[in-house]
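I have placed the structure first, in the form of structure tokens, so that the comments after it can refer back to it.
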Amino acid sequence: MILPWERWYSTSCCLCCHVRTGTIILGIWYMLINAVVLLILLSALYDPVQYRYHLTSSELGTDIDVMDDANICIATAISLLMILICGMATYGAYKQHAAWIIPFFCYQVFDFALNTLVAISVVVYPNTVQDYLQQLPGTFPYKEDIMSTNNLCLVFAVLLFIGCILSFKAYLIGCVWNCYRYVSGRGTTEVLVYVTTNDTTVLLPPYEEAIAIPPKDPPPQYMGA
């Protein structure tokens, strides 16, 4: 019997490249994005006036700071952690170490779960979309046009957008999982078992290959006169 997740196992991903190559490209891409975010956060922490990480009261109508030093430090730590996790996945896929890919896969599952909760919240509370639009600054482009749209159409557009994102994220999760299975599978098939006795050392093949070898016929019995 073939398990459900066994049917989706494949060693190729988008653009007909190998899952190892796809995981390496994905890890490098995530590292670049988080590196850019890290540079922006460090620049905002070093010179907050230039990068305006405080919105003025005329834009929000309040005196609440959008991002203070503590929030920037937390975001910086998260960016550093993400760079480390993505670097581990890239190294694990390149050197074929399956354990190094697990943290990146867990992050993908966690991110997918968060986006799913956002989609569920939009379905359960459709008015949250309008509330979110009202909190945007007045200088946000096309804010009035978007808010004048029918609430049902607006919710449908948001759900369609989130659905496309979830589908793409699910595909990337499948690619990383297939890479993990491929790397871990190569690690198990390349294990050689040595049985040492007092006289000699015998090299045994892997278990899968051993059970695949058909047994030899026994020698004919000796027929005495």
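The values are calculated or read from the model by the stated rules, or taken from the named source; none is laboratory data. Just so we're clear, the structure is a prediction, and the values are computed from it rather than from any experiment. Neighbour counts are summed over all protein chains in view; Cβ atoms, including those assigned to glycine, are modelled from backbone coordinates with ideal geometry. In case anyone asks, the SASA skips ligands and DNA or RNA and just uses the protein heavy atoms, side chains included. Shrake-Rupley method; radii C 1.70, N 1.55, O 1.52, S 1.80 Å.
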Could you grab me the full set of residues in the range 136-152 that are open to solvent by 50 Å² or more (accessible area, probe 1.4 Å), in a loop (DSSP other than H, G, I, E, B) and free of Cβ contacts under 8 Å to residues at least 40 places away in the same chain? 140, 141, 142, 148, 149, 150
Are any residues in the range 67-87 at pLDDT 90 or above and open to solvent by 50 Å² or more (accessible area, probe 1.4 Å), and if so, which ones? 77, 78, 80, 81, 84
Among residues of the range 121-135, those that are over 30 Å from residue 83 (Cβ atoms) and open to solvent by 70 Å² or more (accessible area, probe 1.4 Å), counted: 7
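Given the options 32, 26, name the one that is exposed (fewer than 15 other Cβ atoms within 10 Å of the Cβ), in a helix (DSSP H, G or I) and modelled with pLDDT of 85 or more. Spell out the reasoning first.
Working: 26 fails: exposed (fewer than 15 other Cβ atoms within 10 Å of the Cβ).
From the options 32, 26, the qualifying one is 32.
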Does the range 101-135 hold any residues that are out of contact with any Ser or Thr (no Cβ under 8 Å at 6 or more places or on another chain), at pLDDT below 90 and part of a helix (DSSP H, G or I), and which are they? 118, 119, 123, 124, 127, 129, 130, 131, 132, 133, 134, 135
For residue 182, work out the one condition from (1) modelled with pLDDT of 70 or more; (2) outside any helix (DSSP H, G or I); (3) hydroxyl-bearing (Ser, Thr, Tyr) it doesn't fulfil. (2)
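For the range 113-135, enumerate the residues that are under 26 Å from residue 173 (Cα atoms) and without any contact (Cβ under 8 Å) to a residue 40 or more places away in the chain. Lay out the reasoning, then the answer.
Initial filter on the range 113-135 (under 26 Å from residue 173 (Cα atoms)): 113-123.
Scanning the range 113-135 gives 113, 114, 117, 120, 121, 123.
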Quick one: is residue 38 part of a helix (DSSP H, G or I), at pLDDT 70 or above, in contact with a helix residue (DSSP H, G or I) (Cβ under 9 Å, 6 or more places away or on another chain) and open to solvent by 60 Å² or more (accessible area, probe 1.4 Å)? no
Which residue out of 107, 171, 180 is of a type outside the set (S, T, N, Q), open to solvent by 90 Å² or more (accessible area, probe 1.4 Å), under 20 Å from residue 23 (Cα atoms) and under 27 Å from the mean Cα position of the chain (by Cα)? 171
